């Protein structure tokens, strides 16, 4: 069952001029915007990349935007108005082509004093909108198992511990199954980070990976890197079904700039599904 709800958006966001002065690629965001559904939030983001500034809206993990009924960005001092619900004028081939609910401004135009984007070195933006969202049913069987307290095998990654059920892991990894048969009590991981191990185990439970709070084009590369690490983990521990799941997820992020790298990794990690 899917729940649909409407949410009004009203937010003012002020950013210091110094944020734009170094010209480096960067991404910042507002604080979480609470919705009528507890724990489900949204944010606005500002990203600078290759001479352009993108300002865009993004929902939280677990909540999917069904429809943007209204979404406007106003910068009163510059008499600037943008409709984030409509396609933006993005330079062809720029990474911002892959973003939705976005306004794009040239970096030089923002800093040009004649355009009056700043008042006392502060850029003030006003967002107003109405969105229609979908939220899945609160907890599936996969969620219930993932959140269960009876997990019986720990993975130690740095100072953190992640537990999973031996019964589930046996179905996917012959190497882990052999460890369990040998009465190995825990597995210390020093060649993968916590996010990699956690997300690979989530794939074992049929759950989507979690990427934290990084968004935008910077996130695309971070997501790909994490999924490639998951693919490497699944390859090391002989998890062919999990490799298929990871490759399927990773295929959604194939872009012109990474297609060759992903094709090479598909060979290196023996994941023909990714090569397509």
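Screening residue 183 on (1) farther than 30 Å from residue 48 by Cα; (2) modelled with pLDDT of 85 or more; (3) assigned to a loop (DSSP other than H, G, I, E, B); (4) touching a helix residue (DSSP H, G or I) at 6+ places or on another chain (Cβ under 9 Å) shows it passes everything except condition (4).
Is it true that residue 83 is in contact with a helix residue (DSSP H, G or I) (Cβ under 7 Å, 6 or more places away or on another chain), surrounded by 13 or more Cβ atoms within 10 Å (Cβ to Cβ) and either within 28 Å of residue 5 (Cα to Cα) or modelled with pLDDT under 90 (or both)? For residue 83, the condition - in contact with a helix residue (DSSP H, G or I) (Cβ under 7 Å, 6 or more places away or on another chain), surrounded by 13 or more Cβ atoms within 10 Å (Cβ to Cβ) and either within 28 Å of residue 5 (Cα to Cα) or modelled with pLDDT under 90 (or both) - is not met. Examine segment 253-269 for a residue that is in contact with a helix residue (DSSP H, G or I) (Cβ under 6 Å, 6 or more places away or on another chain), crowded, with 21+ Cβ neighbours inside 10 Å and at pLDDT 85 or above, and state whether such a residue exists. Taking every residue of segment 253-269 in turn, none turns out to be in contact with a helix residue (DSSP H, G or I) (Cβ under 6 Å, 6 or more places away or on another chain), crowded, with 21+ Cβ neighbours inside 10 Å and at pLDDT 85 or above.
When segment 87-126 is limited to residues that are at pLDDT 95 or above and assigned to a strand (DSSP E or B), the one that is surrounded by the fewest Cβ atoms within 10 Å (Cβ to Cβ) turns out to be 122.
Does segment 61-71 contain any residue that is on the phi < 0 side of the Ramachandran plot, in a strand (DSSP E or B) and buried (at least 20 other Cβ atoms within 10 Å of the Cβ)? Yes, that holds for at least one residue.
Exactly one residue out of 77, 177, 142 is surrounded by fewer than 17 Cβ atoms within 10 Å (Cβ to Cβ), at negative phi, within 23 Å of the chain's Cα centre (by Cα) and part of a helix (DSSP H, G or I), and it is 142. Cβ separations smaller than 7 Å between residues 6+ apart or across chains give the following pairs from segment 220-240 residues that are on the phi > 0 side of the Ramachandran plot to residues that are modelled with pLDDT of 95 or more and in a helix (DSSP H, G or I): 238/174; 238/175. Among the residues of segment 145-165, those that are surrounded by 14 or more Cβ atoms within 10 Å (Cβ to Cβ) and free of Cβ contacts under 8 Å to residues at least 40 places away in the same chain comprise 151, 153, 154, 156, 162, 163, 165.
The values are calculated or read from the model by the stated rules, or taken from the named source; none is laboratory data. Just so you know, these numbers come straight off a predicted model, no measurement behind them. No Cβ is skipped: glycine too gets one built from the backbone with ideal geometry, and neighbour counts run over all protein chains shown.
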